[in-house]
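Quick note: the coordinates plus some simple rules give every number you see, no bench work behind them. Since the structure is predicted, the reported quantities are computational estimates derived from the model, not experimental observations. Backbone-built Cβ (ideal geometry, glycine too); neighbour counts: all protein chains shown.
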Amino acid sequence: MCISPSLRALRGLKMPQRLTTMWPELRVSNTEMKLLFRRWTVFVLILCSLATPAWGQSLTGPSVDKIEIRHIGPPAASDAMIRANVRVKEGDIYTKTGVDDDVRSLFSTGFFYNVRVATEAADKGIKIIYVVQGKPTVSEIRIEGNNKFSRKKILKKVTFKPGDPLDERKLFADAQEITKLYQKAGYQKTTVKATPNIEEAAGRGSVTFEVKEAPKVKIENVEFVGAEAFTQRKLRKQIKTRRLWMFSWLTGTGVLKDEQFDEDKEKLAEFYHEAGYIDFEIKDTKFDNVSDKRMRIQFDVNEGAQYKVGSVEIKGNTEFKTEQIMAGIVSEGRRVRPKMVPGQIFTPKGLTADVDAIRDYYGSLGYIDTWVKTTKYPNTERGTMDLIYQIMDEEKGRSYVEKIEIKGNIKTRDTVLRRELAITPGEPFDMVRVKVTKARLEQMGYFDKVETETDATDVPNRKNLIIDVEEGSTGHVELGAGFSSIDSLFGFVGYREGNFDLFHPPYFRGGGQKLRVGVTVGLRRKDYQISFVEPWFLGRRLALGVDLYHSEINYYSDLYDFRQTGAKLSLTKQLPYNMVGSVNYTIENIGLSINGAPERLPLSIQNEAKFGDQLISKVGASLAYDTRNSSQLPNRGQRSEILPEFAGGPLGGDAGFYRLEARSAWYFPGFAT
């Protein structure tokens with residue numbers, strides 16, 4: 001039904017006097033009012049005439065007289081569960097859209113391999129029949145056509161096993177993984193097809209992976225067409241898809257791998273971008289088959305122009321001068337400042353680093369709400385990139401640290417973390433020192449995750465620093481055995497605790513100290529060692545080390561045995577400019593005992609060697625220059641040190657000597673895996 005307004009009912013309506021007084025433009029005559037109502041009536045009648053057929057149609061159609069459930073094979077679910085997931089009910093008007101929604105709902109339960117719907121005429125409408133087939137059980141997995149890889153190796157890529165329900169999505173994914181296995185080995189054109197064979201009545205089926213192996217295709221050459229800025233050799237080093245060479249069996253190169261090839265295209269583009277070629281693009285890649293087992297790869301590239309920095313402008317900085325911002329800050333002995341000045345090559349990473357440098361400048365002064373908006377203006381004719389750094393929210397001012405809250409340290413004592421903080425409450429909220437704090441906590445090796453965040457307080461410009469840590473395992477047990485021509489047969493056991501606490505029984509953990517106990521026992525040697533380190537001796541960043549050791553070695557000679565028992569105390573301090581200083585005192589007893597008659601020894605040893613026990617008292621020092629990126633697993637940097645040592649004299653003991661030793665170790669990244 002459609003209801004239209006009546007002119008008779010509306011004829012007596014008048015515009016309120018208050019409205020016509022406030023808005024004179026609303027005043028209309030009676031004739032205009034009548035014309036307006038007539039047009040409105042015609043419009044409403046047209047809408048009603050259009051809506052009435054659709055309304056009537058929605059109320060017509062056959063009704064659902066009955067719903068029947070039929071199962072193919074063993075039922076995967078009860079009829080009640082199926083009816084609960086079907087929205088169409090008996091007595092409803094039948095619509096194809098509603099039935100399609102029910103099919104999708106049944107599939108989403110994950111119980112069914114196939115769902116079909118049929119309809120039949122009934123006395124009072126139609127009958128809907130849902131024909132459902134539960135997921136069959138996998139009874140057998142077959143591999144056909146595989147010669148290069150064994151069945152056992154291929155099955156490692158299959159995620160299901162006999163007895164599991166059949167899932168076509170897993171089936172397709174497993175076929176893709178088997179294909180990748182072949183592609184990574186160089187069999188690029190190998191195809192794998194998964195075919196299920198289902199016995200509907202029994203509710204089970206087998207799966208067959210049909211492998212069509214192709215010959216291994218090796219890369220004869222990789223060429224870069226259109227490359228002029230860099231040599232072919234330089235570009236080949238940027239990617240892992242390389243031509244076959246004599247050590248390809250070791251490096252894994254010389255064959256085409258799809259995933260690696262996609263990564264190589266991204267690496268090549270990144271290499272050009274970081275060299276200033278911002279418009280670089282790979283227009284096409286070609287694979288020319290020189291023979292059935294050889295191929296040549298071509299990268300068709302467009303280098304574009306190399307961009308350099310044109311002008312650099314800082315806007316929005318009212319509190320600090322541009323010269324101050326560009327001068328940067330000094331953090332951990334290193335100056336941090338924008339480096340892409342006019343004339344320098346423009347790179348995306350350089351832009352990111354310069355934005356971070358500007359943010360660090362403001363962050364070091366407590367302007368933690370200030371951020372930087374970057375605008376780039378490329379000039380293709382001159383090959384320059386003009387940069388504008390817009391300082392945002394500088395007017396919010398400086399923030400201060402209200403308090404520092406540490407969360408998640410269940411085992412580690414609060415003081416162990418707080419002594420590593422580079423920032424304290426009441427100071428300006430220096431974000432650079434917050435980064436230093438985060439790095440220090442990560443380097444401790446106690447935590448799997450360290451996160452920092454700020455939390456607003458009720459006091460303006462006062463914020464809390466929240467440090468959230470997730471503790472990891474710090475204790476490690478070492479067991480092993482070995483054999484060598486020198487040591488013969490030996491075994492060792494050890495325990496390392498990186499977060500030891502000598503004064504916290506019975507667990508002795510959480511104090512930030514380090515303990516290591518090791519025992520090595522073999523046919524020719526015995527070693528016992530205990531090492532203890534307190535990194536904050538007397539509440540200062542001064543490491544106290546204590547070493548106790550005992551060794552018995554008889555592989556130097558069959559004629560005599562060597563014994564060494566001692567203790568060592570050391571103090572180590574981190575100095576500026578990556579320098580590390582240390583002093584130590586060692587007292588040890590060294591003994592030589594003869595096996596058999598002394599006459600068996602050479603005359604040189606009889607005349608010079610002192611058998612029996614000798615007490616040695618010595619002091620030593622070391623000065624090291626350490627730039628390693630990690631003290632545990634470094635792959636960059638160096639550690640070079642000088643170690644003087646003096647024994648005897650005023651220190652006492654049975655022997656006197658002095659020694660000067662120099663050591664240097666350099667670390668370089670190896671093969672990437």
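At full extension, E200 and E427 could sit 74.2 nm farther apart than now, given 0.36 nm per residue minus the alpha carbon distance.
Computed over the chain, relative contact order equals 5 percent, with contacts defined as Cα pairs under 8 Å that lie 6+ residues apart. With the charge dipole of the chain set up from +1 on Lys and Arg Cβ and -1 on Asp and Glu Cβ about the Cα centre, the Cα lying farthest toward the positive end among the listed residues I404, Q632, A118 is that of A118. Label separation (R440 vs D455): 2.1 nm, computed from points 7 Å beyond Cα along the C-beta direction. Each Cα pair under 8 Å and six or more residues apart adds its separation to the average, and for the stretch 255-367 the resulting relative contact order is 22 percent. If R0 equals 30 Å, the separation of the Cβ atoms of W371 and R334 corresponds to a calculated FRET efficiency of about 0.85. For N499, the shell of other residues with beta-carbons less than 12 Å away shows a net charge of +2, using +1 for Lys and Arg and -1 for Asp and Glu. The relative contact order of the stretch 308-396 comes to 38 percent, based on Cα pairs under 8 Å that sit 6 or more residues apart.
Annotation for N114 and R496: the two label points, set 7 Å from Cα along the Cα-Cβ direction, are 6.0 nm apart. Over the chain, DSSP H runs of length four or greater, each weighted -39,500 (n - 2.57), average out per residue to a 222 nm ellipticity of -6500 deg cm²/dmol. The HN-Hα couplings worked out from phi for the stretch 352-362 by the Karplus form 6.51 cos²θ - 1.76 cosθ + 1.60 (θ = phi - 60°) are 4, 5, 5, 4, 5, 5, 5, 5, 5, 4, 5 Hz, whole numbers, x standing for Gly and Pro.
Based on the Stokes-Einstein relation at 4 °C and a viscosity of 1.567 mPa s, and on the Kirkwood radius from alpha carbon pairs, the stretch 475-667 is assigned a translational diffusion coefficient of 66 µm²/s. At an R0 of 60 angstrom, the distance between the Cβ atoms of E470 and E140 translates into a FRET efficiency of 0.85.
Extending 7 Å from Cα along the Cβ direction at F172 and again at T352 yields two label points whose distance is 3.4 nm. For K234, project a label point 7 Å along Cα to C-beta. Then give me every residue of the stretch 288-312 with its amide nitrogen under 17 Å of that point. Those under the cut-off are 301-308. Here the Debye sum runs over all C-alpha atoms of the stretch 370-474 as equal scatterers in vacuum, and log10 of I(q)/I(0) at q = 0.17, 0.22 Å⁻¹ comes out as -0.82, -1.13. Here the gap between R462 and N629, fully extended at 0.36 nm per residue and compared with their Cα-Cα distance, gives a gain of 56.6 nm. Packing, as the average of other Cβ atoms within 10 Å across residues, places the peptides 529-542, 382-395 in the order 382-395, 529-542, highest first.
For the chain, the longest principal axis of the C-alpha atoms and the axis of helix 96-108 are separated by about 20°. Distances longer than 16 Å among the Cα atoms of the stretch 308-396: what percent of all pairs is that? So the pairs more than 16 Å apart make up 51 percent of the total in the stretch 308-396. The residues neighbouring N221, those whose beta-carbon lies less than 11 Å from its own, together hold a net charge of +3 under the Lys/Arg +1, Asp/Glu -1 convention.
The spacing between the stretch 623-639 and the stretch 356-423, judged by their C-alpha centroids, is 28 Å. For Y400, the residues 5 or more places off, or on other chains, whose built amide H falls under 5 Å of its own are F429, R462, K463.
The Cβ shell under 13 Å around K463 holds other residues with a net charge of -4, Lys and Arg each +1, Asp and Glu each -1. Remark: the stretch 336-351, residue by residue, has Karplus-estimated 3J(HN,Hα) of 10, 7, x, 10, 8, 9, x, x, 6, 5, 7, 9, x, 5, x, 5 Hz, where x stands for each Gly or Pro and the curve is 6.51 cos²θ - 1.76 cosθ + 1.60 at θ = phi - 60°.
With all pairs of separate Cα atoms included, the stretch 218-302 yields a Kirkwood hydrodynamic radius of 13.3 Å. Close amide H pairs (under 5 Å, H built 1.01 Å from N) link Q344 with V309, residues at least 5 positions away or on another chain. P(r) tail for the chain, what percent of Cα pairs lie past 48 Å? The share of Cα pairs beyond 48 Å in the chain comes to 56 percent.
Measuring r between the beta carbons of R563 and S488 and using R0 = 22 Å, the FRET efficiency lands at 0.75. Let a ≥ b ≥ c be the square roots of the eigenvalues of the Cα gyration tensor of the stretch 229-270; is it rounded (a/c under 1.5), or, if not, prolate (a/b larger than b/c) or oblate? The shape class here is oblate.
Computed extension gain for E274 through E381, at 0.36 nm per residue and net of the alpha carbon distance, reaches 36.5 nm.
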